[in-house]
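To keep things clear, I will list the structure first and then write my remarks on it.
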Amino acid sequence: MHAALHSPRLHHPRTTLPPSMLLVTAFAVAAPLSILLAATGAAHRSGPALLMLAATALAVGWTARPWASPVVGLLCWLFYDGFDADRWGVLGWDGRGDALRLGLLLAAALLGSLLGTLAPHLREAWAALRTVRRRFRRASLEPFTPPAPSRLDHSYWN
């Protein structure tokens, strides 16, 4: 294998939040955002509010392991449904519409988690690609002629 792929400087272990801290972080980000959306009136237009909470789920999901990311999506949905869709903190279930919104927020959190998991590997691949490109640029494209063997070498006389 290529030495650049096994360089110790390229291997960075992914740091993730423990599940309890992940729950606190998701709460600390989704609660003020939901309150801000409700206070500015953006919650009455459910599309932008849902997209903002999906972006929040994606960002917080980046720090989660894939098995813990549904907690982030569920918490974002609880704040969306309680404060932005139904108002006054009352949770409701509207059937298919809420199932789609919950699925969107769960998918955003999972996507963020998967992107966070793949990011170090993508960085390693990009660094290896840059190394290969740099070495290829340095390589000479002139025809190669090997040096002649010395007269003392047996292959000189063949």
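The values are calculated or read from the model by the stated rules, or taken from the named source; none is laboratory data. Just so we're clear, the structure is a prediction, and the values are computed from it rather than from any experiment. Neighbour counts are summed over all protein chains in view; Cβ atoms, including those assigned to glycine, are modelled from backbone coordinates with ideal geometry. SASA here: full protein model, heavy atoms, side chains in, ligands and nucleic acids out. Shrake-Rupley method; radii C 1.70, N 1.55, O 1.52, S 1.80 Å.
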Legend entry - Filtered residues of the range 35-61 (kept if in contact (Cβ under 8 Å) with a residue 40 or more places away in the chain, buried (at least 20 other Cβ atoms within 10 Å of the Cβ) and under 23 Å from the mean Cα position of the chain (by Cα)): Leu50, Leu53, Ala54, Ala57, Leu58, Val60, Gly61
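Residue by residue through the range 75-102, note down the ones that are of a type in the set (A, V, I, L, M, F, W, C) and assigned to a helix (DSSP H, G or I). Please lay out each step first, then the result.
Taking the range 75-102 first, the residues of a type in the set (A, V, I, L, M, F, W, C) are 75-79, 83, 85, 88, 90-91, 93, 99-100, 102.
Correct list: Leu75, Cys76, Trp77, Leu78, Phe79, Phe83, Ala85, Ala99, Leu100, Leu102.
Is it fair to say Leu105 is over 19 Å from Ala28 (Cβ atoms), aliphatic (A, V, I, L, M), part of a helix (DSSP H, G or I) and at pLDDT 90 or above?
Working: over 19 Å from Ala28 (Cβ atoms): no; aliphatic (A, V, I, L, M): yes; part of a helix (DSSP H, G or I): yes; at pLDDT 90 or above: yes.
In short, no.
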Inset, instruction - Mind counting the residues in the range 117-158 that are more than 30 Å from Ala68 (Cα to Cα), modelled with pLDDT of 85 or more and charged (D, E, K, R)? - result: 1
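Could you say whether any residue in the range 85-102 is aliphatic (A, V, I, L, M) and closer than 23 Å to Thr63 by Cβ?
The first filter runs over the range 85-102 and keeps only residues aliphatic (A, V, I, L, M), leaving 85, 90-91, 99-100, 102.
Now restrict to residues that are closer than 23 Å to Thr63 by Cβ: 102.
Scanning the range 85-102 turns up at least one residue that is aliphatic (A, V, I, L, M) and closer than 23 Å to Thr63 by Cβ.
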Legend entry - Subset of the range 76-117 [under 15 Å from Ala49 (Cα atoms) and within 19 Å of the chain's Cα centre (by Cα)]: Cys76, Leu104, Leu105, Ala108
Inset, instruction - Output the residues belonging to the range 1-27 that are open to solvent by 60 Å² or more (accessible area, probe 1.4 Å), of a type in the set (A, V, I, L, M, F, W, C) and either at pLDDT 85 or above or closer than 14 Å to Ala64 by Cα (or both). - result: Met21, Leu23, Val24, Phe27
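Only one of Val72, Val132 is closer than 30 Å to Val29 by Cβ and in a helix (DSSP H, G or I); which? Step through it out loud before you land on a result.
Values: Val132 fails: closer than 30 Å to Val29 by Cβ.
Going through Val72, Val132 in turn, the sole match is Val72.
Scanning for something open to solvent by 20 Å² or more (accessible area, probe 1.4 Å) and within 18 Å of Ala119 (Cβ to Cβ), does the range 66-87 turn up at least one residue? Outline the logic, then answer.
Taking the range 66-87 first, the residues open to solvent by 20 Å² or more (accessible area, probe 1.4 Å) are 66-67, 70-71, 74-75, 77-79, 83, 85-87.
When the remaining residues are screened for being within 18 Å of Ala119 (Cβ to Cβ), the result is 66-67.
Yes, the range 66-87 contains a residue that is open to solvent by 20 Å² or more (accessible area, probe 1.4 Å) and within 18 Å of Ala119 (Cβ to Cβ).
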